[in-house]
Structure formats: structure tokens, C-alpha cells
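Here's the structure, in C-alpha cells; my notes come after.
Computed from the coordinates by the stated procedures, all read-outs in this text should not be read as laboratory data. Here the structure is a predicted model, which is why all the values come from computation and not from measurement. For neighbour counting, all protein chains shown are included, and Cβ atoms are generated from backbone atoms with ideal geometry for every residue, glycine included.
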Amino acid sequence: MKKLTFLMIILMLGFLVGCAQMSPIGSVRSNELYSDKLHTIDPSNHEAMATYYEEAANEMKAKLQAQKKRLEDYDSHSYYYGRRGQDVRSHTTANIRMYVNSIKENMKEAALHRRMAQEQKKQEFGLRREEATDSPLN
């Protein structure tokens, strides 16, 4: 009897370990969905970084519009949702708030990288200008 319970415990533990998820769960709020693409961009290429953040913000804007449409649909037909209507409404407003914050963060990052790219171009232009004045051809 003890061998049977021991064997059952080992089998159940083995089954649970086999079904366990080994990778961390991605979060939309921290933009982990986009992090793979972000890691492929060279950190010193600020134009590409700004474009990346602008594209992420545009995708979030599309999702925001879908959530606003869903909330509008709920407001016009709240009787379709029954008891879960309040849950749908609060979840949708939370999603809208999250998307608005994400859009603001992405646009802020894009503006920062645009400024850094402009400063980088000014520095490169200044260095080229100094090289041109120092050249023996002049």
C-alpha cells in the first residue's frame, strides 16, 4: 500500500512538472511583445529607435480605438451583457487607460530619440566641418 501511494505521488509530481510552464509570461503593459524587435535595433541608431516607438504607439492607437468602440457598444446595448456587464465595462475602461498611458510613454520615447538623433547629426556635421577646415587642400 505504501509503495502504491509513493508511486502515485511520484507520478503526480512528474505530471505537474511536465506541464509546468518554463518561460515567463509576456506582459502587454511592459511592451514585452515588442521587445524582440527592439533588441535587434542598434542602440546608437536613434532614428530607427524613434521609428520603432512611433510604430508601437500607432499600433496601440489602433487597439485603443477598438476598445473605445467596444465600450461604446456596451453603453448602447448594456442589456446584452447581463450580470457580467459591469465587469466588461470596468475591464474595457482599464484597457483604455492602459493603452492611453502606453501611447504617451511610446511617444515620449520617440520624441527623446528624435532629439538625440538631431543632436547626433549636429555633432557629425560639426566634426565633418572641422575635418574640412583642417584638410591641407584648403
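Please list, in order along region 97-109, the HN-Hα scalar couplings obtained from phi with the Karplus expression 6.51 cos²θ - 1.76 cosθ + 1.60 (θ = phi - 60°), rounded to whole Hz, x for Gly and Pro.
Using θ = phi - 60°, the values come out as 4, 5, 5, 4, 5, 5, 4, 4, 4, 5, 5, 5, 5 Hz.
Ranking Val100, Val17 by Cβ neighbours within 10 Å, fewest first, what do you get?
Val17, Val100
What's the Cα-based Rg to Rh of region 44-124, Rh via Kirkwood?
1.26
Describe numerically, in nm with one decimal, the distance between label points set 7 Å from Cα along Cα→Cβ at Thr93 and at Ala62.
Using points 7 Å along Cα→Cβ, the separation is 2.8 nm.
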